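Student: Sharing a structure with you now.
The values are calculated or read from the model by the stated rules, or taken from the named source; none is laboratory data. Not measured: the values here are computed from a predicted model. Every residue, glycine as well, gets a Cβ built from its backbone with ideal geometry; the counts of neighbours run over all protein chains shown. Note: areas computed on protein heavy atoms with side chains; ligands, DNA, RNA excluded. Shrake-Rupley method; radii C 1.70, N 1.55, O 1.52, S 1.80 Å.
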There are 4 protein chains.
Amino acid sequence: MDATSSETDPPKAVPPKRPTGPRDPVRTRAAILEAATHEFRAKGLTGARVDTIAKRSGVNKRMIYHYFGGKEGLYVAVLEATYSAIRHAEGDLHLGDREPLDAICELVRFTWRYFIDHPEFLSLLGTENLHRARFLKQSSRIRDLHSPLVATLSHQLARGAEKGVIRPGIDPVQLYISIASLGFFYLSNRYTLATIFGRSMDDPASLEARGRHIEDVVLAYLRP
Amino acid sequence: MDATSSETDPPKAVPPKRPTGPRDPVRTRAAILEAATHEFRAKGLTGARVDTIAKRSGVNKRMIYHYFGGKEGLYVAVLEATYSAIRHAEGDLHLGDREPLDAICELVRFTWRYFIDHPEFLSLLGTENLHRARFLKQSSRIRDLHSPLVATLSHQLARGAEKGVIRPGIDPVQLYISIASLGFFYLSNRYTLATIFGRSMDDPASLEARGRHIEDVVLAYLRP
Amino acid sequence: MDATSSETDPPKAVPPKRPTGPRDPVRTRAAILEAATHEFRAKGLTGARVDTIAKRSGVNKRMIYHYFGGKEGLYVAVLEATYSAIRHAEGDLHLGDREPLDAICELVRFTWRYFIDHPEFLSLLGTENLHRARFLKQSSRIRDLHSPLVATLSHQLARGAEKGVIRPGIDPVQLYISIASLGFFYLSNRYTLATIFGRSMDDPASLEARGRHIEDVVLAYLRP
Amino acid sequence: MDATSSETDPPKAVPPKRPTGPRDPVRTRAAILEAATHEFRAKGLTGARVDTIAKRSGVNKRMIYHYFGGKEGLYVAVLEATYSAIRHAEGDLHLGDREPLDAICELVRFTWRYFIDHPEFLSLLGTENLHRARFLKQSSRIRDLHSPLVATLSHQLARGAEKGVIRPGIDPVQLYISIASLGFFYLSNRYTLATIFGRSMDDPASLEARGRHIEDVVLAYLRP
DNA sequence: TATGAATGAGGGTTCATTCAT
DNA sequence: CATGAATGAACCCTCATTCAT
């Protein structure tokens, strides 16, 4: 999935028959999840259609109720999988093992790159916030997923301050929110921004420029 | 309207009869627009119900079609009114008449305050971006609304650089997007953020802290 | 009005403002009647829209209720005017003053020509028969309008039989119905006929050929 | 179904529950089609109500969309079935195996009888022509359905001319249209005809008389 | 006489979900 | 486990008509 692909339905022409044989629970579940992610991302919770998800995943509509209980259950599952994915990818960076400034820089670059590569993450968060996180709150595992991130950031900020390379007193949560903000808003609002400013936000050069700008802003802020 | 009010429908118990006498086109139109803003903000385009808008505005459902042509026409009208409102409030700041650093600081504070006070702006932009600005593109007056902002920022950045109080080479559009980002993302995603970080984002102290943080970040970036 | 003009609405672009000054009851009534004839002809009773009639006639919708009481009253008025028109045109032929065979031939040619030139007559009769003449029965003047026609035909058939130029015993009503049939069915069903036979029924050559055929059939039948 | 039954809805009191068990797609489809034929015949396309069709057929309204896509799709299906029925009944006459004059006489009698027995055929054609065959044109199989009729007529006219029992040079399509005309117009317009001529067209004696008249007209025309 | 706002009933259609096989 | 028919509640929208000016 990439940031510039068209998301409208009719031209999509997804293969309606998946090559899995019958009675393969794991693949059925995965196929539904994949199709649902796409649909919820493109239309939101209310706009998404159970029929469309069934058709796209090539499974019978009844299976959605079998595996996920219903549209909302499926939506929650998509949400969990989406958050889980980014946090695991983040974990793979092993930010705790690097030098403080380097670690934060890496997090900035990773975050920006991840947002570009996973537009469903942006859309789903937007949708979930429209609903005031009503569904995310139902998920028990979500909060645990985020403590390592805060812990690592906190640790590196403290070490950086000690070493004199980072200004002291920075709140790790504020910092993370700002790192996310600078990329998230640009990408998730790129359609209205392009319209009001009359300038493409999607082409590689613009994305590259924005990436550099974000690094500049964060580094300026960290500077002691 | 404020950022913390409950938005669910049933408990809302809005006065079903508006106090306007009949045959008042101006008030009818305004009442529809107000109710629609609320409904689109709370539910998005797909989730919004025409019936609910009619009920809340106290007018006959048919009038929505009379004045706005339909649900989408009404949505476009809401979008235009919403953008128009922020740009006019911005214009009232007369940023061009101030000192460069002061002007930008004022813009930062204004933007943050405006986002807090107008949650419908955040939601509607999220909704519109879910639809890839399909409706905003239909509005002809939108782009003209934004050129003064860019012009003013550009002018003040140049003056600031000349005077040696602002680092040279800053792109005004990138800067504005960053200013908006730091507040927009925090507020529009406050529900998921509160959930994943297990910390309120909505109380006055948190809002105050975030406001100061944003100023810090922007000022650090502007510093030569 | 002619047999081949397109009748769909959107491209029609009728002048929405008629050049009459205000307060001209006669013209207002006539404008409504003209627009209604067009609309009922093109859409039938159920398909016709009061709004469309008002717009096309350039008068306020309320006037339709003022002058005709409502949609059905207007429809009855259109029906009466339509029948009245053909019978008056028929009367102008003065068929009673001609030789028997000549009179009947003239009636055949007139009927065919009138049907071609007045497609609204065909459509309105079709619509009225769908409703089992429910509205025509409300009109008191309709029946009197038709006795002269039957009387004249009867008279000429008798004279022709006496003179030996027309076979005796022909029922004038059966004959008239047949004369009307041969043209009416061809023209009112020309769209389905063209489709099932894969051959145009509307071009001048086809109309000419059908006219000759009808004359042949009637004359063969009259032959003693 | 016969020509004289009342078609208005309220007194009809159709059994609202059909005796078919659930889960019988074939019967469900057929029940919808039967109810739709009745409704479109009585009210035309615009006047027909999807709710009424659902109620009469005893199936859930949703099924109409499941099987036919919508009101128009259902109408097209009704149209196809109606045309298909008359052409198949016609085919069963095996007109090609008879003597020329006899074959044509049989066609005349069959057509008249079929029109009397299938008033829905008349009404649906009227409705379809009001819409200028817009829907019939969508049907691919319609034209093929009619070539055998023209071929047979053509063949018999040629043979009759050879044998000297039919006048040469008769166009088979014109002849067929005339045969249909003489019965179709009488029956489909019987309500207005009865009103303007003040004479019943529906009683058995009148139908019998009209049948004989039609034969007379056609035979007179065929006579060499 | 003329106008355009206002109305309530009902139009076709779509939806998430469940049932029978 | 899997299927497609079946359901009833809404949803957006349209209509003929009336009201207030």
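Student: Give me the inter-chain shielding for C:193-201: mean count of other chain Cβ atoms within 10 Å, whole number please.
Tutor: Mean partner shielding for this stretch: 6.
Student: While we're here: If one takes the accessible area of chain B alone plus chain A alone and subtracts that of the pair, with a 1.4 Å probe, what total in Å², rounded to the nearest 100, results?
Tutor: Buried area between the two chains comes out at roughly 5100 Å².
Student: Please state the charge dipole magnitude for segment A:72-222, taken about the Cα centre, from unit charges on C-beta atoms (+1 on K and R, -1 on D and E), reported in debye and rounded to the nearest 20.
Tutor: Charge dipole of segment A:72-222: 400 debye, to the nearest 20.
Student: Within 10 Å of each Cβ in D:216-222, how many Cβ atoms from other chains are there, averaged over the peptide?
Tutor: Averaged over the peptide's residues, the number is 5.
Student: Using only the heavy atoms of the protein chains and a 1.4 Å probe, how would C:34, B:162 rank by accessible area, largest first?
Tutor: Per-residue accessible area, sorted high to low, gives B:162, C:34.
Student: Whole-Hz ³J(HN,Hα) for each residue in segment C:65-75, computed from phi via Karplus 6.51 cos²θ - 1.76 cosθ + 1.60 with θ = phi - 60°, x for glycine and proline: what do you get?
Tutor: 6, 5, 8, 10, x, x, 4, 5, x, 5, 4
Student: Which Cα, out of C:75, B:101, D:58, lies furthest along the positive dipole direction of the protein assembly as shown (beta carbon charges, K/R +1, D/E -1)?
Tutor: Of the listed residues, the answer is D:58.
Student: Related question: What is the magnitude of the charge dipole of the protein assembly as shown about its Cα centre, with +1 placed on the Cβ of each Lys and Arg, -1 on the Cβ of each Asp and Glu, and no other charges, expressed in debye to the nearest 20?
Tutor: For this selection, approximately 1480 debye.
Student: Taking a 1.4 Å probe, which of B:67, C:221 shows the most accessible area, and what order do the others take after it?
Tutor: Result, largest first: B:67, C:221.
Student: Rounded to whole Hz and in sequence order, give me ³J(HN,Hα) for segment D:190-205 from the Karplus expression 6.51 cos²θ - 1.76 cosθ + 1.60, θ = phi - 60°, writing x for Gly and Pro.
Tutor: 4, 6, 6, 4, 4, 6, 6, 9, x, 8, 5, 10, 9, 6, x, 4
Student: If you add up the charges near residue D:96, with Lys and Arg at +1 and Asp and Glu at -1, over every other residue whose beta carbon is less than 15 angstrom from its beta carbon, what do you get?
Tutor: Overall, the nearby charge balance is -3.
Student: Still on this structure, I have one more. Students sometimes get this wrong: rank D:178, A:200 by accessible area, probe 1.4 Å, all chains present, largest first.
Tutor: Highest to lowest solvent-accessible surface, that is A:200, D:178.
Student: So what is the accessible area of the protein assembly as shown per residue, in Å², with the probe set to 1.4 Å?
Tutor: 44 Å²
Student: Compare the Cα positions of C:184, C:40, C:122 along the charge dipole of chain C (+1 at Cβ of Lys, Arg; -1 at Cβ of Asp, Glu; about the Cα centre) and return the one farthest towards the positive end.
Tutor: Of the candidates, C:40 comes out farthest on the positive side.
Student: May I pose another question? Give me the distance between the Cα centres of segment D:154-224 and segment A:80-106, rounded to whole Å.
Tutor: 89 Å
Student: What is the distance, in nm, between label points placed 7 Å from the Cα along the Cα-to-Cβ direction at residue A:220 and at residue B:144?
Tutor: 3.3 nm
Student: Nearest 10 degrees, 0 to 90: what angle lies between the long axis of helix C:119-130 and the longest principal axis of chain C (Cα atoms)?
Tutor: So the helix axis and the longest Cα principal axis differ by about 90 degrees.
Student: A further question follows. Long-range amide H contacts for residue B:166: which residues qualify at under 5 Å (H placed 1.01 Å from N, peptide plane, sequence gap of 5 or more or a different chain)?
Tutor: Counting only residues 5 or more places away or on other chains, the set is B:161.
Student: Any chance you could check segment B:109-133 for residues losing 20 Å² or more of accessible area when the partner protein chains are in, compared with the chain on its own (1.4 Å probe)?
Tutor: Residues of segment B:109-133 that lose at least 20 Å² of accessible area once the other chains are added: B:129, B:130, B:132, B:133.
Student: Where nothing but the Cβ of Lys and Arg (+1) and of Asp and Glu (-1) is charged, how large is the charge dipole of segment C:98-137 around its Cα centre, in debye to the nearest 20?
Tutor: 280 debye
Student: Something else about it: Using a Cα distance threshold of under 28 Å, what count of lysine pairs results for segment C:10-222 when pairs must be 8 or more residues apart or interchain?
Tutor: Close lysine pairs found across segment C:10-222: 16.
Student: Sticking with this structure for a sec: Need one value: the accessible area of residue D:63 in square angstrom, 1.4 angstrom probe, rounded to the nearest 10.
Tutor: Estimated to the nearest 10 Å², residue D:63 gives 60 Å².
Student: Based on DSSP H runs of at least 4 residues, each adding -39500 (n - 2.57), what is the mean residue ellipticity at 222 nm of chain C after dividing by all its residues, to the nearest 500 deg cm²/dmol?
Tutor: The helix contribution divided over chain C gives -23000 deg cm²/dmol.
Student: For residue B:162 and residue C:62, what is the calculated FRET efficiency with R₀ set at 60 Å and r taken between the beta-carbons, to the nearest 0.05?
Tutor: After rounding, the FRET efficiency stands at 0.35.
Student: Tally Lys and Arg at +1 and Asp and Glu at -1 over the other residues with C-beta under 15 Å from the C-beta of residue B:147: what net charge comes out?
Tutor: Every neighbour counted, the sum reads +2.
Student: Working from Cα positions, state the angle (0 to 90°, nearest 10) between the long axis of helix D:100-117 and the longest principal axis of chain D.
Tutor: Rounded to the nearest ten degrees, it is 30.
Student: Continuing with this model, one more query. Express the carbon and sulfur contribution to the solvent-accessible surface of the protein assembly as shown as a percent, rounded to the nearest whole number, probe 1.4 angstrom.
Tutor: Carbon and sulfur: 55 percent of the exposed surface of the protein assembly as shown.
Student: Ranking request for peptides C:119-126, D:168-175, B:181-188: highest mean number of other beta-carbon atoms within 10 Å first, then the rest in descending order.
Tutor: Per-residue Cβ counts within 10 Å, averaged per peptide and sorted highest first, yield B:181-188, C:119-126, D:168-175.
Student: Okay, moving on. Once you keep just the Cα pairs under 8 angstrom separated by 6 or more residues, what percentage relative contact order results for segment B:24-123?
Tutor: Once normalised by length, the contact order is 27 percent.
Student: If you take each beta carbon of peptide B:171-180 and count the beta carbons of other chains within 10 angstrom, what is the mean?
Tutor: The mean count of partner-chain Cβ atoms within 10 Å per residue comes to 5.
Student: Shape call for the protein assembly as shown from the C-alpha gyration tensor, a ≥ b ≥ c root eigenvalues: rounded (a/c under 1.5), prolate (a/b greater than b/c) or oblate?
Tutor: Here the protein assembly as shown falls in the prolate category.
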